[in-house]
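Trainee: After the C-alpha cells below, expect a handful of questions from me.
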Amino acid sequence: MADLPDSARGTIDAVASAFTDLPNSALPSSEHPRASEVDGPIGWAGYDAARDRARQRTGEQESVVCGTGVVDGVEAVLIAFDFGFLGGSIGQRTGDRIEAAFASARRQRLPVVSLIATGGSRMQEGMRALTQLQRIARQAASTRAAGLPQLAVLRNPTTGGGWATLGAGADVTLAVPGAQVAFAGSRVRPPGEPDAYTAEGQYAAGHVDQIVEPHLLRERLGRWLRLLTGASTEPAPPPARPPREAPRPPATGWDAVLRARSTGRPTARSYVDSYVDWREDIRGDRSGGTDDGVLCGFGHRNGATVAYAAQCGTATTPAGFRTAARLVRLADRLGIPVLTLVDTPGAANDAAAERAGAGPAIAELFSAIASATVPVTTLVIGEGGSGGALAFAAADRMWITPDAYFSVTSPEAAARILKRDADDVPATADQLRLRPQDLVDLGIATGITD
C-alpha cells in the first residue's frame, strides 16, 4: 500500500485553486470550547489526551476540514479527511462538521466533493460515533433531493462507514491508485483475496468510476464538476453520422439486417466521440457488475452537458441495463438531457444473465426512462433486437440511421419460433417490417438521420 495520505489541507491544496474555511457561524456549537465531558461520551480513558496529541501532530481540530473552494474554476463545498488525526475516524464532532458542510452546500446551491481517508467510526465514542453514519446519510439524501451533485475521491485508506456513506453513496466516485478501499478494515477482514479490498478491485467490480493519478485530480474533478453542474432544458438532438457516406435506405428487411450487422458501419463510440467536445465515463451498476458493451457518461457539447447511454453492439447484460438506469436517474436528478444509442442483438439470455436478474434489470431501465423528467433522445445506429434494445429507447423521440433496424425479435429467432426453415429467415425479415422506413411509416421512429 502507498504511504499514509497527506494532511487534509494538503489534499485540498492539490485539487483546489482557492480554499476558505466555513465561517464560525456555519459550524454547530460543538465546535466551540468543550464542555465538561471527560474522555468523550462513553468515558474512554485517555481519549482527551489522544485528541490533544492529534491536534498537535496535524494542526487540525478534528479529522475533517470542511469549506468552500474553487476546483479548476468551479466552486464547490469540500469535505477533506485527515488520516493523521486519529486515523481519519468519524466521531460526533466529525459529524457536526460534515452536517454543516452539507447544509452550506444546500444554502449556496453548490456541489459537494468528499476527499476521503478514514479507518471508519471512532471506537472511543462507541455508538455515538457509529450513529454519525445515519446523520451523514440523511445529509447526503437531503442534498441529493435538492438536485446537487456529490463526488468522492477515495484516498488511502477508505474503509468502514466513510466508504459506505460518502464514498459508495456519491454520484461519481474516483479513487487514487493503490488505495485500500473496503468496508472491512485490514485488521478485521478474513485472509485471502487482497485485491478485492483495493481501489483497482472496486473499479473492476463496478463500484468505482475512475482511477485517477493524484497529480491529475484537480483537472479531473474540474471536468466532472463542469459536467454535473451543466443542467439544460433543451433535448439532445440526434447525432449526425460520423464522417462517412450515408447509405440509402435498404431495399429489403434482410438487407437492413445485414447492414446493421456490418463491421464497416460507425460504432457507438465513434458517434459519441463526434457528438461531444469531451466526455467522462461512469462505470458499473454499483451492485458488483460491469458491462463493457454499454458506454455511459456525461459529455460537454456546445457549452452544455449531455448524458449518454450507448449500446456497443453486444448482447446487453443485467449490469449494462443497471448502469444505464443509474446514468438516466442521475441525469434526471441533475436536469441533464439524455441521449441513448441502440445497437444490440438483444439482452444476454444465458443462465448467468438470468441468475443476475435480466428481467428486473431491464424493468429498471424501462422505469428510469419512462419516469425521467428530462428529455430523452434515442438514435438506433445498428441492431435493435427486441426488448433488450427497446429498454434503451425513448417512446416519443426516437430516430434511426439508414444502416439500422428495429424488430420485435431477430429474424432468426422469429423463424425458429414459427418453426420455419433457415432458408425462410430473409423472407421472415421482410414480414417483420423492421427497415428504417418501415419504422417511420409505423410511427415508431420520428425520422431517418443522414
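Trainee: In Å, what Rg and Dmax follow from the Cα atoms of segment 253-448?
Mentor: Cα only, segment 253-448: 16.3, 54 Å (Rg, Dmax).
Trainee: Once you have the Cα-Cα distance between A363 and E234, take 0.36 nm times their residue separation minus that, and quote the gain in nm to one decimal. Don't skip to the end; give the middle numbers.
Mentor: Values: separation 129, 0.36 × 129 = 46.44 nm, distance 2.66 nm.
Gain on extension, A363 to E234, equals 43.8 nm.
Trainee: Could you work out how far helix 318-334 tilts from the main Cα principal axis of the chain, as a 0 to 90 degree angle to the nearest 10?
Mentor: Roughly 70 degrees between the two axes.
Trainee: May I ask which residue of I79, L151, A325 lies farthest towards the positive end of the charge dipole of the chain, with charges of +1 (Lys, Arg) and -1 (Asp, Glu) on Cβ and the Cα centre as origin?
Mentor: I79
Trainee: Set the Förster radius R0 to 45 Å, insert the Cβ-Cβ distance between I42 and S371 as r into 1/(1 + (r/R0)^6), and round the FRET efficiency to 0.05. Walk me through the intermediate numbers first.
Mentor: Values: r = 45 Å, r/R0 = 1.01.
Computed FRET efficiency for I42 and S371: 0.50.
Trainee: Apply 1/(1 + (r/R0)^6) to the Cβ-Cβ distance of R128 and Q56, taking R0 = 30 Å, and write down the FRET efficiency to the nearest 0.05. Walk me through the intermediate numbers first.
Mentor: On the way: r = 24 Å, r/R0 = 0.80.
FRET efficiency, R128 to Q56: 0.80.
Trainee: In addition: Quick one: if you stick a label point 7 Å off each Cα along the C-beta vector at R420 and A49, how many nm between them?
Mentor: Output for this residue pair reads 8.6 nm.
Trainee: Moving on to the next point. Per-residue counts of other Cβ atoms within 10 Å, averaged by peptide: what ranking do you get for 49-59, 207-217, highest first? If you can, show how the numbers build up before the last one.
Mentor: Details: 49-59: 14.2, 207-217: 18.3.
Descending mean neighbour count gives 207-217, 49-59.
Trainee: A further question follows. What fraction of the DSSP beta bridges in segment 42-122 is antiparallel, stated in percent and rounded to the nearest 5?
Mentor: Expressed as a percentage, antiparallel bridges in segment 42-122 total about 60.
Trainee: Can you order the peptides 307-313, 42-48 by their average number of other Cβ atoms within 10 Å per residue, highest first? Walk me through the numbers on the way to the answer.
Mentor: Working: 307-313: 25.4, 42-48: 13.9.
Sorting 307-313, 42-48 by mean packing, highest first, produces 307-313, 42-48.
Trainee: Could you list D424, D403 in order of exposure, starting from the residue whose Cβ has the fewest other Cβ atoms within 10 Å? Spell out each step's value before the answer.
Mentor: Values: D424 15, D403 26.
The fewest-first ordering by Cβ neighbours comes to D424, D403.
Trainee: At a Förster radius of 35 Å, what calculated FRET efficiency corresponds to the Cβ-Cβ distance of E219 and D441, to the nearest 0.05? Mind showing how you got there, number by number?
Mentor: Values: r = 49 Å, r/R0 = 1.40.
Efficiency for this residue pair is about 0.10.
Trainee: Return one number: the angle in degrees, 0 to 90 and rounded to the nearest 10, between the long axis of the Cα atoms of helix 92-108 and the longest principal axis of the Cα atoms of the chain.
Mentor: In the chain, helix 92-108 runs at an angle near 50 degrees to the longest axis.
Trainee: Let me ask something additional. Quick check on segment 8-228: take the gyration tensor over C-alpha atoms, sort the square-rooted eigenvalues as a ≥ b ≥ c, and tell me if it's rounded (a/c under 1.5), prolate or oblate. Provide the component values of the computation, followed by the final result.
Mentor: On the way: a/c = 1.66, a/b = 1.14, b/c = 1.45.
Oblate, since a/c reaches 1.5 and b/c is not below a/b.
Trainee: While we're here: Using +1 at the C-beta of Lys and Arg and -1 at the C-beta of Asp and Glu, which of V306, P194, G222 has the Cα lying farthest in the positive direction of the dipole of the chain?
Mentor: The one lying farthest along the dipole's positive direction is G222.
Trainee: Round to a whole angstrom and tell me the spacing of the C-alpha centers of segment 320-359 and segment 228-278.
Mentor: Here the answer is 19 Å between Cα centres.
Trainee: About its Cα centre, how strong a charge dipole does the chain have in debye, to the nearest 20, once Lys and Arg get +1 and Asp and Glu get -1 at the Cβ? Don't skip to the end; give the middle numbers.
Mentor: Values: 45 positive and 50 negative charges, 161 e Å.
Computed charge dipole of the chain: roughly 780 debye.
Trainee: Roughly what % antiparallel, to the nearest 5, for the DSSP beta bridges in the chain? Don't jump to the answer; show the numbers that get you there.
Mentor: On the way: 26 of 62 bridges.
Beta bridges within the chain, antiparallel portion: roughly 40 percent.
Trainee: What do you get for the angle between helix 132-145 and the principal long axis of the chain? Use alpha-carbon atoms, 0 to 90 degrees, nearest ten.
Mentor: In the chain, helix 132-145 runs at an angle near 40 degrees to the longest axis.
The numbers here are math on the coordinates, done by the rules we state, and not lab data. Just so you know, these numbers come straight off a predicted model, no measurement behind them. Reconstructed Cβ throughout: ideal geometry from the backbone, glycine too, with neighbour counts over all protein chains shown.
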